[in-house]
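So the structure is just underneath, and the comments pick up after that.
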Ligand code: ADP
């Protein structure tokens, strides 16, 4: 059996317009790398952290917290060392913390010959999310672990539904380099919705899930609407309306806020359209003078994977 693994931990888009707090999807070409190594000393130790300024103490890093939750449930007598090579910027809205917490527990499980199910790994990784944002949410960690699109149907009990990925679907994500605290973007949300808005939202969520399963790109596009969160949260993202209009004008099926922002995602049918969409989104931030990163990525159907 192996003693260490080098893995790719994907970035993820959570919420996906009408799927606030329940839908997520894993990306293929954006993500972190980690090395997880078995050691005889009990505990979880972060020995290397490159690419971002983040705490290395076990109890302050999501990889450490998720790893300790794994260890507490396991009868393994030893411990693990973790090396983290961050490529995803923390707080960008594409699941930076989820990449680390899922990577840790997924590799530990592989190294011990899979004592836990993927659903149990989601629960351990959620402990990391609780450290990052105060809420043990699963909408980023579920797609990172299962791959593809996932729906968190229920938290009590935890019920995660993997959803089909249409073969030609490509994501474009733009990250304007401004800071929005997850707690701030949660604070401005209303806690009540009207029945009228609820009806629109669950109509769209049902439509989106049906469109993903039947690979009906028009239906996916029609369903990528958010009448509840986007109108409020988008106020915190400069140029959001223009970026969205640019993406749709360039042929995107739909466009919305990734996670709690400030990243904005668009889905397109095919890579050529996704590239045109990226160009249109970039032009908006070039015009208003905001630094940004752009990613174009296929959907990742496997989640975390071993690197050679
Ligand atoms: P994103 O907006 O990309 O989803 P998150 O909200 O998931 O970002 O997480 C960022 C927060 O988690 C930051 O406060 C960061 O300090 C904390 N954090 C702790 N450990 C890590 C880690 N290994 N990777 C990323 N963020 C971490």
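We did not get these values from a lab; they are worked out from the coordinates using the rules stated. Because the structure is a prediction, the values reported are computed rather than measured. Reconstructed Cβ throughout: ideal geometry from the backbone, glycine too, with neighbour counts over all protein chains shown.
The table below lists the values:
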item	result
Segment residue 187-residue 245, length gained on full extension (0.36 nm per residue, minus Cα span)	18.2 nm
Full-extension gain in nm, residue 90 to residue 275, via 0.36 nm per residue minus C-alpha separation	64.1 nm
Proxy reagent accessibility, fewest Cβ within 10 Å first, across 213, 149, 240	213, 240, 149
Sorted peptide list for 257-269, 198-210, criterion being average Cβ within 10 angstrom, highest first	257-269, 198-210
Label-point gap, in nm, between residue 215 and residue 74 - each point 7 angstrom along Cα→Cβ	3.8 nm
19 Å cut-off, amide nitrogen to a point 7 angstrom out along residue 168 Cα→Cβ, residues in region 265-287	266-278
Spatial separation of Cα centroids for region 166-233 and region 96-142, in angstrom	24 Å
Normalised convex hull volume, region 57-155, alpha-carbon set, Å³ per residue	104 Å³
On Cα atoms only, tilt of 271-288 relative to the major axis of the chain in degrees	80 degrees
Share of alpha-carbon pairs per 5 Å distance bin for region 41-101, given as whole %	4, 19, 29, 23, 13, 8, 3, 0
Average projected area [Cα convex hull, region 89-147], square nanometres	3.7 nm²
Gain upon complete extension [residue 39, residue 197; 0.36 nm per residue less C-alpha separation]	51.6 nm
For the chain, share of DSSP beta bridges that run antiparallel, in % to the nearest 5	85 percent
MRE, 222 nm, helices only [DSSP H, n ≥ 4, -39500 (n - 2.57), over the chain, to nearest 500]	-11500 deg cm²/dmol
Debye intensity ratio I(q)/I(0), log10, the chain, q values 0.08, 0.10, 0.15 Å⁻¹ (C-alpha model)	-0.33, -0.52, -1.13
Using alpha-carbon coordinates, inclination of helix 118-133 to the longest axis of the chain, degrees	70 degrees
Three-way shape label, region 135-264, alpha-carbon gyration tensor, a/c 1.5	rounded
